[in-house]
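What follows is a set of notes on a single structure, which appears directly below.
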Amino acid sequence: MNEAQIDTLKANGLSVDKVEQLLTRAAKEVQEGLLPAAQIALAKDNKVILSASFGQANDDSLTCIFSATKAITSSAAWLLMQEGKLGEDELVADIIPEFAANEKDQVTVGQLFTHTAGFPSAPFAPLDWDDMQARMSRFARWRLNWSPGSQFEYHASSSMWVIAELIERRSGMGYREFVRTRIIEALGLADIYVGLPEAENHRALDCAYVGDPLTAEDYGKMGMPVPPETEVTEAAILAFNRPDIRAVGVPGGGGFATASALALFYQALLHGGNDKATLWQESTLTDARRIRSGDFTDAMFKKPANRALGLIISGDDSRRFRGFGRSNSPSAFGHNGAGGQLAWADPETGLSLAYVTPGHDRNGIRQGSRGVAIGTIASECMTK
């Protein structure tokens, strides 16, 4: 780091030593040849105070942020709730009648955000989104795995497709247009895309799988069950190297961003907006961060789910299982993404973090350990 960068860190109350540790850790797998690229950014007071790119990434490179997109989609729906155009207790079928088939008429809007809606594995082909008949046919064919509201199971993409449809029906705008105009352009965050334009494809880093997967024996030695197979397959991830899939703007996992823009988005979630626009009232943000998942636990780690309105809340000492660093405060909130993408903000320090990489490690334990390490060091960067 040069003197100007060091002065900026000190002026914002950050520890130079901790930031150097953070940069070293973020670069580690790239320098070792495991990951092809990575970006990291810290922001505070609606300004980026640290950003770095490694490997094949340039400062303006875009990475698919996968499920970190859920926070963007959810924050768009918050605007409709704030305006009285959408309610958590409404039945989805009252807004989207085509959704009601196969006993899904009991699903509420709020359950979509908390992964308690009962259809975690419902299939949807991204290219069906722009064909209304195909879209509604998908919704109608979906079946419940269990009674809505009775348990928690992560809905990797299914519930967010429905939320996108709710946004369209209650706003009168296309989902991508609503997100682009009401959030991204309003905040001046030019380097976030939910629906990547053809002209921006040259900036997008291709997803790549790296490393060897753990075996059942490996998991057994660690006393862990083999993770269940989900829709997040290698083929599904690598499909996001296709321009037509990128253009869809998959609401549960198809956004593209730079680390800096993503960190600034989380600053806006901390402050209700920025110097360009105030979007969310303080009461809206406070309510959006209220945990709604009760005592439900994550099936994989047997830890409290801590789900708010499309966000994950840090909470207790098991927060590292939720994508946070060990030193994050209980009030920190965010949503990570497949491949090790990290995105959170901590109200107690005012910091937001974004770490993105196109490299998807087949060794999930190594990938998870990286996230905990980066998140922990980032959460310790504020001087005491």
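The values are calculated or read from the model by the stated rules, or taken from the named source; none is laboratory data. Fair warning: this is a prediction, and the values are worked out from it, not measured in the lab. All Cβ positions, glycine included, derive from the backbone under ideal geometry; neighbour counts span all protein chains shown.
The table for this structure:
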read-out: Residues within the range 201-235 that are buried (at least 16 other Cβ atoms within 10 Å of the Cβ) and at pLDDT 95 or above, tallied; value: 6
read-out: Selection within the range 235-246 - without any contact (Cβ under 8 Å) to a residue 60 or more places away in the chain and either closer than 23 Å to E153 by Cβ or of a type in the set (A, V, I, L, M, F, W, C) (or both); value: A235, A236, L238
read-out: Filter result (buried (at least 17 other Cβ atoms within 10 Å of the Cβ) and not in a helix (DSSP H, G or I)) within the range 132-143; value: W142
read-out: Residue selected from the range 356-384 under the condition touching a Gly at 6+ places or on another chain (Cβ under 9 Å) and among the β-branched types (V, I, T), by the criterion modelled with the lowest pLDDT; value: T383
read-out: Residue list for the range 208-233, restricted to those being of a type in the set (A, V, I, L, M, F, W, C) and over 15 Å from D361 (Cβ atoms); value: A216, M222, M224, V226
read-out: Checklist (1) surrounded by fewer than 20 Cβ atoms within 10 Å (Cβ to Cβ); (2) over 30 Å from P243 (Cβ atoms) applied to I49, failing item; value: (1)
read-out: Meets criteria (surrounded by fewer than 22 Cβ atoms within 10 Å (Cβ to Cβ), of a type in the set (G, A, S), over 18 Å from I72 (Cα atoms) and within 18 Å of the chain's Cα centre (by Cα)) for S327; value: no
read-out: Residue that is farthest from F256 (Cα to Cα) [pool: residues in the range 209-235 that are in contact with a strand residue (DSSP E or B) (Cβ under 6 Å, 6 or more places away or on another chain) and either among the basic types (K, R) or not in a loop (DSSP other than H, G, I, E, B) (or both)]; value: V210
read-out: Residue, farthest from the chain's Cα centre (by Cα), within the range 35-57, restricted to residues that are over 20 Å from L187 (Cα atoms) and part of a loop (DSSP other than H, G, I, E, B); value: Q56
read-out: The range 21-35, residues that are under 19 Å from S260 (Cβ atoms), surrounded by 17 or more Cβ atoms within 10 Å (Cβ to Cβ) and of a type outside the set (K, R); value: L22, A26, A27, V30, L35
read-out: Residues (surrounded by fewer than 22 Cβ atoms within 10 Å (Cβ to Cβ) and of a type outside the set (G, A, S)) located in the range 268-279; value: L270, H271, N274, D275, K276, T278
